[in-house]
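A short write-up of the structure that comes next.
Taken together, the values in this text are just the output of simple stated rules run on the coordinates, not laboratory data. It should be emphasised that the depicted structure is a prediction, and the values quoted were computed from it without experimental measurement. Positions of Cβ are generated from backbone atoms using ideal geometry, with glycine treated the same way; all protein chains shown enter the neighbour counts.
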Amino acid sequence: MSFVAVAEELHYGRAAERLSMTQPPLSRRIQLLERDLGVELLDRTHRTVRLTPAGRVFLAEARKILRSSQEAALYVRRAKKGEVGAVTLGFTATAAYSHLEHVIAVANAEVPGVDLVLREMVTAAQVEGLLSGGIDLGMIRPPVTGAGIVTLPLWREPLLAALPSAHPLARRKKNPDVRDFDGEPFIMYSPSEGRYFHDLLVAVFRAARVLPEYTQYPCQVHTVLALVKAELGVALVPAAAAALRFEGVVLRPVDGVEGRPVELELMWRRGNDNPALGALLAVIGDPARRGRQSTVDCTGQASPHSASRASR
């Protein structure tokens, strides 16, 4: 910095004033620098100071170093505020159909300096990743419990009936009722890999006193739809599955299932010291800042609804 000041001012007195120091120690610094480099950087006379050819080269490099140092200091200050950095986000496959896109859009708009590192993972793997430090944030299906884990409800969406296009329930005008599935060949979710949706549908059918004939047990929604297309049975899927648009599969609202039973939550570890995580949560975890969220109905159109409050 001392050399740059002298090189730009070409006057020791003005350079010393600029650096808030006296001239003798400034001259000493330049002499020590030249001795360390083994070259003369400045051509001095009693009246003038000029850069030598080596001095002109060194000035250009010194300016680069100063710029880099200033940029690094600015970056560190922004990183401390969470304005820049990276957040590793885990998400389930169904979250990727529509909800993940919204989170990415909000993050890009509100905290553009924060990079999202995306990891597709089932809920159980996300919990492990969160506790081990492999991810900072998860988009999971509840319930999740554990020491230090914080969850925040993000979306609730309805279930839709997934029907082969030639199925009688798909061809009639009125919506199917959950009781229509009693004794019907049905694509059920795996009780292990697809546990959230398996347990949810078991509860729905038990409440309606319905017992379908389970034919297959896949774990992913897109596989469920593929099996429905193959006419191996009917199914219930989250409304976000409408984004997949399977030809030969009709998605219809289903009566007899109250409200929006499919839940998606954010999950993070209390005490995570990543400043970027706090900045991201401030925009996607605060309903007032992230605005009204949306889910997808059976036609693939947006249907707005608000997210719930945080659960601690």
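Can you give the helix-only mean residue ellipticity at 222 nm for the chain, where every DSSP H stretch with n ≥ 4 adds -39500 (n - 2.57) and the sum goes over all residues, rounded to the nearest 500 deg cm²/dmol?
Only helices count here, giving -12000 deg cm²/dmol.
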Two pseudo-spin positions, 7 Å from Cα along C-beta at residue 60 and at residue 171, lie apart in nanometres by 8.0
The number of Lys pairs in the chain whose alpha carbons lie under 29 Å apart, excluding pairs fewer than 8 residues apart on one chain, is 4
Counting only backbone N atoms under 17 Å from a point 7 Å out along Cα-to-Cβ of residue 222, the residues of the range 243-265 in range are 243-249
Relative contact order of the range 159-253 (C-alpha contacts under 8 Å, at least 6 apart) in percent is 47
Under 5 Å from the placed amide H of residue 51, counting only residues 5+ away or on other chains, we find 43
